[in-house]
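The values are calculated or read from the model by the stated rules, or taken from the named source; none is laboratory data. None of these values were measured; they are calculated from a predicted model. Counting neighbours? That spans all protein chains shown, and the Cβs are built from the backbone with ideal geometry, glycine included. Areas reflect the complete protein model, heavy atoms only, side chains present, ligands, DNA and RNA absent. Shrake-Rupley method; radii C 1.70, N 1.55, O 1.52, S 1.80 Å.
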Protein chains: 4
Amino acid sequence: MTTTTKDSPCVHGEHTLCMPESSRKAARRRLAIAHGHLESIQRMLENPDVYCVDVLKQLKAVQGALAGTGEVVLRGHLEAHVATAESRGDTSEIVNELMHALKYT
Amino acid sequence: MTTTTKDSPCVHGEHTLCMPESSRKAARRRLAIAHGHLESIQRMLENPDVYCVDVLKQLKAVQGALAGTGEVVLRGHLEAHVATAESRGDTSEIVNELMHALKYT
Amino acid sequence: MTTTTKDSPCVHGEHTLCMPESSRKAARRRLAIAHGHLESIQRMLENPDVYCVDVLKQLKAVQGALAGTGEVVLRGHLEAHVATAESRGDTSEIVNELMHALKYT
Amino acid sequence: MTTTTKDSPCVHGEHTLCMPESSRKAARRRLAIAHGHLESIQRMLENPDVYCVDVLKQLKAVQGALAGTGEVVLRGHLEAHVATAESRGDTSEIVNELMHALKYT
């Protein structure tokens, strides 16, 4: 357990918007899988006889795993922080920030 | 140096279609960067005070690095294996396989 | 001006969640551009001398215009309907629905 | 039937690389469907009672139809023009051009 201080990444003015614990745990699990998968591609690439299309497919599978991790995080954020924005009064800040993050798609 | 055997992943009938060495090296470099980046997100997620949008942005950046790795592999495949398909006589097999791999986008 | 009836697409139980007027107008403008662009590709394809890569580029440009239209609609939805979900008490319905729609990416 | 002149979009130096007729016809069919679908979204947006998520879903469906059109064109290009590049001697030009077009993804 960590005590959130004013420097914590999830402190926004007087509000604390830390990632919901369930999202954090689910994201960690998924990312561990993606991490193992990525390392398997690194091992594939150590073999001079590797075939391009095999690597392309595995790269796309890891991208899918990362997208799945992103969805877990996004859902938690929408539920915990976006849906409550009006009551905090920071709707435009929260929406601008999220649109910018999604822009990276 | 490895001697390609009939079981090598890049042996296709009588043809050997191993990933070009330059593509393999470039892909390994990029994947090492993506690997380090992914591990930094795993560390972020160990902190209960992590903020969702920070994680979303980092996930997208790693997806971008993986897409960049895919482009290196795809270019090498197009140049070395697709552009030479007619002379080998395996155009439809090579194109079907590539369309399927790209389908994962 | 239209009088919203209980059958209107934007009526959700006792709540009315119509697209904000500014989003609707901006989306219509962008879609008109995408529409014109798509028709220009249709004309390109009437020419037997059309070159594949020219068409690929124009298709991607129209996809970009549609993505831009989606962003306008998404922003309006986040601000007007998601950010107010907690006060209406329909957070999980609104988030589930949006995650499903984004899933189409 | 059109007689390809030196100004035709598919003339590349001494080579003619017009879109295969089957790809052109299939792309035209798919684009006509996408066109009709896009117009149905435009009608949706004329209704002030339109609901954001309904529009988001329809936009994604049209993007899917455009991606499907792109796949038809890409396949035809890979088979007719990329797979024959080595025999023409223009591999790097053809691959550079295609990587650039795919970059728009």
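Going residue by residue through segment B:90-97, is there one that turns out to be at the interface with another protein chain (Cβ under 7 Å from one of its Cβ atoms), in contact (Cβ under 8 Å) with a residue 24 or more places away in the chain, assigned to a helix (DSSP H, G or I) and of a type outside the set (D, E, K, R)?
no
Residue by residue through segment A:1-43, note down the ones that are more than 8 Å from chain B (Cβ to nearest Cβ) and small (Gly, Ala, Ser).
A:13, A:22, A:26, A:36, A:40, listed by residue number.
Mind checking whether some residue in segment B:44-59 is facing chain A (nearest Cβ under 7 Å), within 19 Å of residue A:30 (Cα to Cα), open to solvent by 40 Å² or more (accessible area, probe 1.4 Å) and under 23 Å from the mean Cα position of the chain (by Cα)?
Yes; the residues of segment B:44-59 include at least one that is facing chain A (nearest Cβ under 7 Å), within 19 Å of residue A:30 (Cα to Cα), open to solvent by 40 Å² or more (accessible area, probe 1.4 Å) and under 23 Å from the mean Cα position of the chain (by Cα).
For residues in segment B:21-43 being open to solvent by 40 Å² or more (accessible area, probe 1.4 Å) and among the basic types (Lys, Arg), which is nearest to residue A:82 (Cα to Cα)?
For segment B:21-43, the residue satisfying everything is B:43.
When you go through A:66, A:78 one by one, which is the residue that is within 10 Å of chain B (Cβ to nearest Cβ), modelled with pLDDT of 95 or more and under 10 Å from the mean Cα position of the chain (by Cα)?
Values: A:78 fails: under 10 Å from the mean Cα position of the chain (by Cα).
The conditions single out A:66.
I need the full set of residues from segment C:64-89 which are in contact with a strand residue (DSSP E or B) (Cβ under 6 Å, 6 or more places away or on another chain) and outside any helix (DSSP H, G or I), in order please.
At the first step, the residues of segment C:64-89 found to be in contact with a strand residue (DSSP E or B) (Cβ under 6 Å, 6 or more places away or on another chain) are C:88.
Hits for segment C:64-89: nothing passes.
Collect the residues in segment B:5-31 that are under 19 Å from the mean Cα position of the chain (by Cα) and part of a loop (DSSP other than H, G, I, E, B), keeping them in residue-number order.
B:8, B:9, B:10, B:17, B:18, B:19, B:20
Does residue C:57 meet the test of being in contact with a Phe, Trp or Tyr (Cβ under 9 Å, 6 or more places away or on another chain), of a type outside the set (Phe, Trp, Tyr) and in a helix (DSSP H, G or I)? Quick ask: steps written out before the conclusion?
Numbers: in contact with a Phe, Trp or Tyr (Cβ under 9 Å, 6 or more places away or on another chain): yes; of a type outside the set (Phe, Trp, Tyr): yes; in a helix (DSSP H, G or I): yes.
Yes.
Among the candidates D:100, D:15, single out the residue that is over 22 Å from residue C:41 (Cα atoms) and in contact with a Lys or Arg (Cβ under 9 Å, 6 or more places away or on another chain). Walk me through how you get there before you give the answer.
Details: D:100 fails: over 22 Å from residue C:41 (Cα atoms).
From the options D:100, D:15, the qualifying one is D:15.
Identify, by number, the condition in (1) surrounded by fewer than 23 Cβ atoms within 10 Å (Cβ to Cβ); (2) under 19 Å from the mean Cα position of the chain (by Cα) that residue A:83 doesn't meet.
(1)
Somewhere in segment D:32-41, is a residue under 15 Å from residue C:31 (Cα atoms) and part of a loop (DSSP other than H, G, I, E, B)? If you could, list the steps in order and put the result at the bottom.
In the first step, residues of segment D:32-41 are kept if they are under 15 Å from residue C:31 (Cα atoms); the result is D:34-41.
Then drop every residue that is not part of a loop (DSSP other than H, G, I, E, B), which leaves none.
Looking for residues that are under 15 Å from residue C:31 (Cα atoms) and part of a loop (DSSP other than H, G, I, E, B), one finds none in segment D:32-41, hence no.
Could you check how many residues of segment A:50-105 are charged (D, E, K, R) and farther than 21 Å from residue B:61 by Cβ? Even if it seems obvious, please write down each step before you answer.
Restricting attention to segment A:50-105, the residues satisfying the condition of being charged (D, E, K, R) are A:54, A:57, A:60, A:71, A:75, A:79, A:86, A:88, A:90, A:93, A:97, A:103.
Checking which are farther than 21 Å from residue B:61 by Cβ leaves us with A:54, A:57, A:79, A:86, A:88, A:90, A:93.
So the count comes out to 7.
Within segment B:1-20, how many residues are modelled with pLDDT under 95 and surrounded by 15 or more Cβ atoms within 10 Å (Cβ to Cβ)?
Kept after step one, since they are modelled with pLDDT under 95, are these residues of segment B:1-20: B:1-18.
Applying the additional criterion that residues be surrounded by 15 or more Cβ atoms within 10 Å (Cβ to Cβ) yields B:8-12, B:17-18.
Residues meeting the conditions: 7.
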